[in-house]
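Worksheet for the structure shown next.
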Amino acid sequence: MNIGILCWPTSGGSGVVASELGAALATRGHRVHVFSYRQPFRMQPRSERFTFHPIRIPEYPLLEYPSYGMAAACALAEAARSFALDVIHAHYAYPHAVSAYLACRMLGARAPRTVTTLHGTDIALVGQDASFACLTRFGIRQSDAVTAVSEFLRGRTQSSLEAAADIRVIPNFVDTDHFKPGRHLHDVPIIVHVSNFRPVKRSADALRAFSLARRKRPARMLFVGDGPEAPAVKELARRLGVADDVQFGGEDRDIEGVLSQASVLLSTSEFEGFGLASLEAMACEVPVVATNAGGLPEVVADGQTGFLVPVGDVDAMAQRMLDLLDDSTLARRMGEAGRARAHDVFRPEVVVPRYEGLYDELLSSRREAAHA
Ligand code: GMT
């Protein structure tokens, strides 16, 4: 198949999932063309079957707000003609589902089939904004198929946007050959928190929970990622007197290297469509303390691969981290169970064929319609 993937290039999970899906599909023999305004964060084109196409957005003085979504539609339409795309797979509803729809309208009868994958904030935040809600709903309704990365997100989309009756759940995946346990090289345990420092991540809770746990035993905390609330969280570390034990590592491409050194992954989000960082930690045999929010309970098995705690309950977060740091047998058992779950349920060989099957279904239903 010839597959076009449209995604964000930033370090957020949707671009990571889109790039890794592209790489996996190319390995399975498809030709995959990735479109974004710069090369996605974790995309490494390794073969001629997996190529990146930048979306260029010209700047004209008259156009104070250059339209990325329209430029994406043109890029997709051109590429669909040049590469005979069978499928356009849009990751993140707004504006990508709408760009895919417009591209298809430009192509008429030769249009590829479209798939939109919903990731989380496209529904819970962007999709709730009055400026974007109706186009989000429209883009979803016009897609030939819609997937969501968790059952939770499917339900949330149906109830909050009344968007599409038929949303299929295909979870995210992790390559357990790549994300694997490492030998811990540090003398004190390291708590890792991965965040783009937006309010939805509640990263200050992670710091507060760490500072409570730190009163009871030596530990260090590593924040991975960057974003608008990072300066405030750094300031809070100074005020709480834990700055010497806290490191802000910024965006790190070697997330598997970081996670393989972690003793606990702490996820404090108010909402997660899925919670990819928690899954990646599990693959590295790292137990997870996560909020009982969004799709996280579908990833982290409470009491088996980690602990789920209420959103904002920093005392419970601290206690659960201490439970794990103080009991190495429990931590090892949960880490191993996490890796087993990542491998059994979320490895690419289990998940990627579900996308392939969906593309096949869409293409064969079109062939059947043409022959009817
Ligand atoms: O976490 C973010 O804010 C980034 C965001 C994105 O769209 O890139 O991630 C979302 O997609 C990931 C991949 O499916 C999910 O694992 C994250 O849970 C989801 N984030 C949120 O819903 C907050």
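The table below lists the values:
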| read-out | value |
| --- | --- |
| Sole residue being in contact with a Lys or Arg (Cβ under 9 Å, 6 or more places away or on another chain) and in the same structural domain as A342 (by TED's automatic domain parsing), chosen from G225, G250 | G225 |
| The lone exception for G13 - which of (1) more than 15 Å from the ligand (Cβ to nearest atom); (2) surrounded by 21 or more Cβ atoms within 10 Å (Cβ to Cβ); (3) farther than 22 Å from Y101 by Cβ it fails | (1) |
| Criterion violated by S143 - all others in (1) over 19 Å from the mean Cα position of the chain (by Cα); (2) surrounded by fewer than 21 Cβ atoms within 10 Å (Cβ to Cβ); (3) modelled with pLDDT of 95 or more; (4) within 22 Å of H91 (Cα to Cα) satisfied | (2) |
| Residues that are under 14 Å from the mean Cα position of the chain (by Cα) and of a type in the set (G, A, S), drawn from the stretch 253-274 | S267, S269, G273 |
| Any chance T268 is surrounded by 22 or more Cβ atoms within 10 Å (Cβ to Cβ), within 16 Å of the ligand (Cβ to nearest atom) and more than 20 Å from A342 (Cβ to Cβ) | yes |
| Failed item in (1) in contact (Cβ under 8 Å) with a residue 24 or more places away in the chain; (2) within 16 Å of the ligand (Cβ to nearest atom); (3) surrounded by fewer than 18 Cβ atoms within 10 Å (Cβ to Cβ), with M70 passing the rest | (2) |
| The stretch 354-367 residues that are modelled with pLDDT under 95, paired with ones that are crowded, with 16+ Cβ neighbours inside 10 Å (beta carbon under 9 Å, 6 or more apart) | S365/R113; S365/D144; R366/R113; R366/D144 |
| Yes/no for R42 being within 28 Å of N196 (Cα to Cα) and either assigned by TED's automatic domain parsing to the domain that holds A148 or within 16 Å of the ligand (Cβ to nearest atom) (or both) | yes |
| Pairs, first more than 15 Å from the ligand (Cβ to nearest atom) in the stretch 170-181, second of a type in the set (S, T, N, Q), C-beta under 7 Å, six or more apart | K180/S260; P181/S260 |
| Unique match (being of a type outside the set (D, E), more than 16 Å from the ligand (Cβ to nearest atom), in the same structural domain as D326 (by TED's automatic domain parsing) and touching a residue at least 12 places away in the same chain (Cβ under 8 Å)) among A243, A262 | A262 |
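The values are calculated or read from the model by the stated rules, or taken from the named source; none is laboratory data. Just so you know, these numbers come straight off a predicted model, no measurement behind them. Cβ coordinates were reconstructed from backbone atoms using ideal geometry, including for glycine residues, and neighbour counts include every protein chain displayed.
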